[in-house]
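Notes follow the structure.
Bear in mind that the values in this text are calculations on the coordinates, not laboratory data. Please read these numbers as outputs of a predicted model, since none were measured by experiment. So basically every Cβ, Gly included, is an ideal-geometry build from the backbone, and we count neighbours across all protein chains shown.
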Amino acid sequence: MNDPIPTGFITLPEALQRIAVLVSEAHLEIAKAELQEKVQSIAAVRQSKESTDRTSSELSESEAAGAATSCGPSDQAWRHWNKRNFAVTKLLVALQTDAISAMVRDPDSSGLFRLPASNWRFEPFWEQIIRGGLIPVQASRGFEPHRQRTVLIETVRFEAWLNSETQTWAEADKEDLCRKWLASKMRLSLTDKQKTKAQWFREANTKLSVSQRGFNRAWSAAIEDTGANWASPGAPNKSSR
């Protein structure tokens, strides 16, 4: 279908690419850790709910492990978490909150029609639209009049939003990112640090390029934030592992 891109606008895939190239590995690690923590919290709630009808002796160890993993992404899914997925999430939030206005163009009249933020909140095919840039034929009622049209974003407004958004990212320096990353790991295992502090530093340095001094400050701050018992020196307790 002939649906040319008017001057002064970009498509959703182009917007995704603009966001993705600005995402650092550090921010990606934080986003992945926060998402994984949310999924595990949901799994814990589900397991707790299921156990209300059964005693702890009735719930086998294998069943409990299954409950903790069945509602979350697999290991393979975590490996596919990348900068483009991060960009999809950022763009969706911007569209849902009206930080960015999306439009479609009528090829006959050349008129532009704004897509309300509420449409993005209730559209089941939102990911397909964002990644592909077109409103599919099976789109819900909010997008129904514009099916098979290209979704457009005004370039000037998008660049203004992106500039503001990346300034927020820049404020989260390596030490702060390290603190958040460590805190997310600590909340998953408050009493067992699983590795030595030196091993955690090597991993943090690889992922976030944080210095030893910055890591030490982040380590102390993360313990204070979470109340984790990770301050003891030496290797973790093998029995707890």
Which entries of Lys180/Lys207; Lys83/Lys207; Lys83/Lys195 have Cα-Cα distances beyond 19 Å here? Lys83/Lys195
What does the charge dipole of the range 173-226 about its Cα centre add up to, to the nearest 20 debye, if the Cβ of each Lys and Arg holds +1 and the Cβ of each Asp and Glu holds -1? 180
Give the long-range amide H neighbours of Phe9: residues separated by 5 or more places, or on another chain, with amide H under 5 Å away, using H modelled in the peptide plane at 1.01 Å from N. Thr155
Report the relative contact order of the range 102-225, percent, no decimals, based on alpha-carbon pairs under 8 angstrom and at least 6 residues apart. 20
Whose amide H sits under 5 Å from the amide H of Leu115, counting only residues 5 or more places off or on another chain, with H placed in the peptide plane? Ala102, Met103, Val104
Across the range 206-214, in residue order, what do the Karplus-derived ³J(HN,Hα) couplings come to in whole Hz, using 6.51 cos²θ - 1.76 cosθ + 1.60 with θ = phi - 60° and x for Gly and Pro? 5, 7, 10, 6, 8, 6, 4, 5, x
For the range 112-119, just list the computed ³J(HN,Hα) in residue order, Karplus coefficients 6.51, -1.76 and 1.60, θ = phi - 60°, integers in Hz, with x standing in for Gly and Pro. 9, 10, 7, 9, x, 4, 4, 4
Compute the length gained on full extension between Leu22 and Gln128: take 0.36 nm times their separation in residues and subtract their Cα-Cα distance, giving the result in nm to one decimal. 35.9 nm
Residue-by-residue Karplus 3J(HN,Hα) for the range 7-14, coefficients 6.51, -1.76, 1.60, Hz, glycine and proline x: 4, x, 10, 10, 8, 4, x, 5
So how strong a dipole does the range 107-241 carry about its Cα centre when Lys and Arg Cβ are +1 and Asp and Glu Cβ are -1, to the nearest 20 debye? 760
